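Below you'll find the structure, written out as structure tokens, and then a few comments.
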Amino acid sequence: MAFLFPLTDVIVVTVLFAFRRTAMYGFLLNGLIVIYGSIFMAHFSIAQLSGKSLPIEGWVLKSTLPDIAILWGDFFIGKALYDLHLKG
């Protein structure tokens with residue numbers, strides 16, 4: 001999954017956003033990738049850090065929270081592209 005979702009996001013979603021007719025499908029696929037990616041990365045972080053006693057900054061820096069933030073940034077860029085296609 002860690003290879004398939006980014007590859008789909010880079011290739012398929014980019015091609016879907018390139019055309020006005022398929023921008024809606026690109027937005028939907030981008031949203032699904034963001035939701036599933038956030039859930040999978042949060043689960044991975046919780047599973048890896050659950051037994052360790054780390055300070056709060058250790059939990060933030062050693063988790064996938066920064067990666068999830070980048071993923072949501074990708075979603076908002078896709079939202080802006082979709083709005084550009086919608087309003088023309």
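Remarks
- ARG20, sole failed condition from (1) surrounded by fewer than 15 Cβ atoms within 10 Å (Cβ to Cβ); (2) assigned to a helix (DSSP H, G or I); (3) touching a residue at least 12 places away in the same chain (Cβ under 8 Å): (2)
- Residue within region 26-43 that is of a type outside the set (Asp, Glu), loosely packed, with under 11 Cβ neighbours inside 10 Å and more than 13 Å from LEU71 (Cβ to Cβ) present: no
- Annotation: LEU29 fulfils all but one of (1) hydrophobic (A, V, I, L, M, F, W, C); (2) in contact with a helix residue (DSSP H, G or I) (Cβ under 7 Å, 6 or more places away or on another chain); (3) part of a loop (DSSP other than H, G, I, E, B); the unmet one is (3).
- Members of region 3-17 found to be modelled with pLDDT under 90 and surrounded by 15 or more Cβ atoms within 10 Å (Cβ to Cβ), listed by number: PHE5
This table checks each residue for (1) loosely packed, with under 12 Cβ neighbours inside 10 Å; (2) closer than 19 Å to ALA18 by Cα; (3) modelled with pLDDT of 95 or more.
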site	(1), (2), (3)
GLY51	yes, no, no
LEU54	no, no, no
GLY58	no, no, no
LYS62	no, no, no
LEU65	no, no, no
PHE76	yes, yes, yes
TYR82	no, yes, no
HIS85	no, yes, no
GLY88	yes, yes, no
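- Hey, ILE35 touching a helix residue (DSSP H, G or I) at 6+ places or on another chain (Cβ under 7 Å), within 19 Å of MET1 (Cβ to Cβ) and not in a loop (DSSP other than H, G, I, E, B) or not: no
- Entry remark, region 57-87: residues being over 18 Å from the mean Cα position of the chain (by Cα) and in contact (Cβ under 8 Å) with a residue 60 or more places away in the chain number 2 in total.
- Among the residues of region 63-88, those that are of a type in the set (Val, Ile, Thr) and closer than 26 Å to LYS52 by Cα comprise THR64, ILE68, ILE70.
For (1) among the β-branched types (Val, Ile, Thr); (2) in a helix (DSSP H, G or I), each residue gets a yes or a no:
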| site | (1), (2) |
| --- | --- |
| HIS43 | no, yes |
| ILE46 | yes, yes |
| GLY51 | no, no |
| GLU57 | no, yes |
| VAL60 | yes, yes |
| PRO66 | no, yes |
| PHE76 | no, yes |
| LEU81 | no, yes |
| LEU84 | no, yes |
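The values are calculated or read from the model by the stated rules, or taken from the named source; none is laboratory data. Here the structure is a predicted model, which is why all the values come from computation and not from measurement. When we count neighbours, we look across all protein chains shown, and the Cβ atoms used for this are built from the backbone with ideal geometry, even at glycine.
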